[in-house]
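S.K.: Have a look at this one.
The values are calculated or read from the model by the stated rules, or taken from the named source; none is laboratory data. Here the structure is a predicted model, which is why all the values come from computation and not from measurement. Counting neighbours? That spans all protein chains shown, and the Cβs are built from the backbone with ideal geometry, glycine included.
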Ligand code: GDP
């Protein structure tokens with residue numbers, strides 16, 4: 001029997017190796033995948049811009065567009081037709097806001113881009129977190145309209161918070177759409193005024209100048225989105241790329257396909273055949289039909305009965321892929337959203353205590369020892385406490401300002417220790433980026449975001 005097992009193991013290894021070489025060949029021909037999160041103040045024009053971009057790239061059928069046009073006329077909000085492209089339900093349409101992280105894709109010359117849409121409404125921040133936690137890069141949309149930029153940026157608007165949020169979640173490349181510039185008659189002066197302010201702020205927030213590109217545009221008119229400008233006033237002074245080409249220039253982070261398997265689960269459901277299904281994203285490694293995996297943090301073994309990508313059975317999937325996996329050998333009741341499928345040998349760390357470097361940006365009551373929070377990452381939400389304030393750091397240089405600070409107020413950067421009410425799967429940011437970015441929330445508000453720097457054994 002043990003002989004049988006060892007030949008099985010050898011076979012499995014061979015299958016993996018051949019899958020890997022097939023992967024390298026296939027994907028070398030394919031475009032690289034890039035995940036982008038769209039951020040910015042409410043009404044900055046995010047949905048309109050992304051909707052228009054998708055339409056201009058031919059990702060939306062004429063029939064659908066026509067339907068949206070008719071419907072938007074009916075309720076007297078014609079300008080919303082593009083925004084609807086990203087929205088799904090009638091309820092959202094009537095309210096004129098985007099509620100969920102809508103998923104849409106488009107292609108540039110060298111990339112396949114997946115949009116993780118981030119609505120600007122304060123109550124929908126949890127959705128934006130899901131988006132930001134998965135993003136490789138971000139698109140910050142700014143309303144250039146006189147008065148609007150100022151209120152979104154200076155007076156408690158979400159522009160600053162969103163930018164800090166994505167940066168503290170490890171996103172370092174940014175495209176800034178200086179949108180609705182039609183309202184200022186494509187004035188270069190207005191563009192320069194806005195970019196000057198943003199540059200100073202973004203630098204302070206930790207973005208390198210060379211990683212940020214500013215693009216004057218209008219989502220509503222489709223100006224400078226997918227092709228060079230046609231507006232005479234803009235042509236007079238703008239010599240840069242259109243938004244699509246700026247996105248094309250982003251560099252794609254490495255997809256760690258040869259590291260041990262980590263798949264985060266964001267849905268669990270009954271499939272059609274035997275077993276049940278989990279949906280999620282492969283953060284690290286690869287998964288194939290026939291694999292044995294460990295469901296964590298509960299550490300139960302399960303068998304992979306099938307793997308599909310985009311509803312197509314594929315048998316094998318790799319880091320960066322969104323997949324549905326059919327499992328057996330474990331009870332569906334024992335698997336939850338926020339769990340991780342892990343490599344059986346090199347398992348994901350499970351703990352109730354970890355250390356993180358956080359940026360605090362929105363607390364009403366300053367953080368002190370024992371502060372209760374909810375921690376969020378990927379699809380996991382768990383109650384927790386900040387049990388130790390270890391050090392306060394300089395915001396730009398990262399140097400130590402104070403050991404064991406007693407309180408942490410807004411805009412501080414600090415190293416803290418967090419204790420979670422239940423064991424969770426977590427990784428250091430340097431090991432698995434996607435499982436090492438956390439958000440801290442209190443009473444529906446995101447108060448801080450950070451990176452996991454250490455994991456305590458419990
Ligand atoms: P979101 O909340 O950021 O998704 O913003 P929306 O896409 O819903 O747009 C907010 C409002 O701004 C709507 O009334 C749009 O018609 C308007 N809008 C969007 N883009 C532009 C633009 O480029 N120019 C002008 N003048 N208005 C725009």
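S.K.: Would you pick out the residues in segment 361-381 that are assigned to a strand (DSSP E or B) and surrounded by fewer than 14 Cβ atoms within 10 Å (Cβ to Cβ)?
M.R.: 372 - this is the single residue of segment 361-381 that is assigned to a strand (DSSP E or B) and surrounded by fewer than 14 Cβ atoms within 10 Å (Cβ to Cβ).
S.K.: Can you name every residue in segment 266-308 that is under 21 Å from the mean Cα position of the chain (by Cα) and within 18 Å of residue 256 (Cα to Cα)?
M.R.: Of the residues in segment 266-308, the ones under 21 Å from the mean Cα position of the chain (by Cα) are 266-268, 278-286.
Once the filter is applied, which keeps residues that are under 21 Å from the mean Cα position of the chain (by Cα) and within 18 Å of residue 256 (Cα to Cα), segment 266-308 yields 280, 281, 282, 283, 284, 285, 286.
S.K.: On the basis of being within 30 Å of residue 195 (Cβ to Cβ) and at pLDDT 95 or above, does residue 261 make the cut?
M.R.: Considered against the rule, which asks whether it is within 30 Å of residue 195 (Cβ to Cβ) and at pLDDT 95 or above, residue 261 comes out as no.
S.K.: (1) farther than 24 Å from residue 163 by Cα; (2) within 15 Å of the ligand (Cβ to nearest atom); (3) in contact with a helix residue (DSSP H, G or I) (Cβ under 6 Å, 6 or more places away or on another chain); (4) at pLDDT 70 or above: which one isn't true of residue 109, the others all being true?
M.R.: All conditions pass for residue 109, except number (2).
S.K.: Right, something else. Consider residue 270 against the criteria (1) within 15 Å of the ligand (Cβ to nearest atom); (2) surrounded by fewer than 13 Cβ atoms within 10 Å (Cβ to Cβ); (3) touching a residue at least 12 places away in the same chain (Cβ under 8 Å): it satisfies all of them except one. Which criterion is unmet?
M.R.: (1)
S.K.: Taking the condition of being assigned to a loop (DSSP other than H, G, I, E, B) and within 6 Å of the ligand (Cβ to nearest atom), how many residues in segment 41-50 meet it?
M.R.: Qualifying residue count, segment 41-50: 4.
S.K.: Within segment 400-449, how many residues are in contact with a helix residue (DSSP H, G or I) (Cβ under 8 Å, 6 or more places away or on another chain) and either under 30 Å from residue 300 (Cβ atoms) or modelled with pLDDT of 95 or more (or both)?
M.R.: Matching residues across segment 400-449 total 7.
S.K.: Tell me yes or no: at least one residue of segment 50-60 is surrounded by 11 or more Cβ atoms within 10 Å (Cβ to Cβ) and at pLDDT below 75.
M.R.: yes
S.K.: Starting from residues that are away from the ligand (no atom under 16 Å from the Cβ) and under 28 Å from residue 451 (Cα atoms), keep the ones in segment 168-194 and report whichever is surrounded by the fewest Cβ atoms within 10 Å (Cβ to Cβ).
M.R.: Ranking the candidates gives 172 first.
S.K.: For residue 397, which of the numbered conditions (1) at pLDDT below 90; (2) under 20 Å from residue 278 (Cα atoms) fails to hold?
M.R.: Of everything listed in (1) at pLDDT below 90; (2) under 20 Å from residue 278 (Cα atoms), residue 397 misses just condition (2).
S.K.: How do the pairs read when you match residues in segment 214-231 that are more than 7 Å from the ligand (Cβ to nearest atom) with residues anywhere that are assigned to a loop (DSSP other than H, G, I, E, B) and at pLDDT below 95, using Cβ under 6 Å and keeping only pairs 6 or more apart or on different chains?
M.R.: Partner pairs satisfying both residue conditions: 226/57.
S.K.: Can residue 304 be described as in contact with a helix residue (DSSP H, G or I) (Cβ under 9 Å, 6 or more places away or on another chain), under 30 Å from residue 430 (Cβ atoms) and in a strand (DSSP E or B)?
M.R.: Spelling it out, it is not the case that residue 304 is in contact with a helix residue (DSSP H, G or I) (Cβ under 9 Å, 6 or more places away or on another chain), under 30 Å from residue 430 (Cβ atoms) and in a strand (DSSP E or B).
S.K.: Please report, ordered by residue number, the helices (runs of 4 or more DSSP H) entirely within segment 125-241 with at least 3 residues that are at pLDDT 95 or above.
M.R.: Output list reads 188-204, 232-235.
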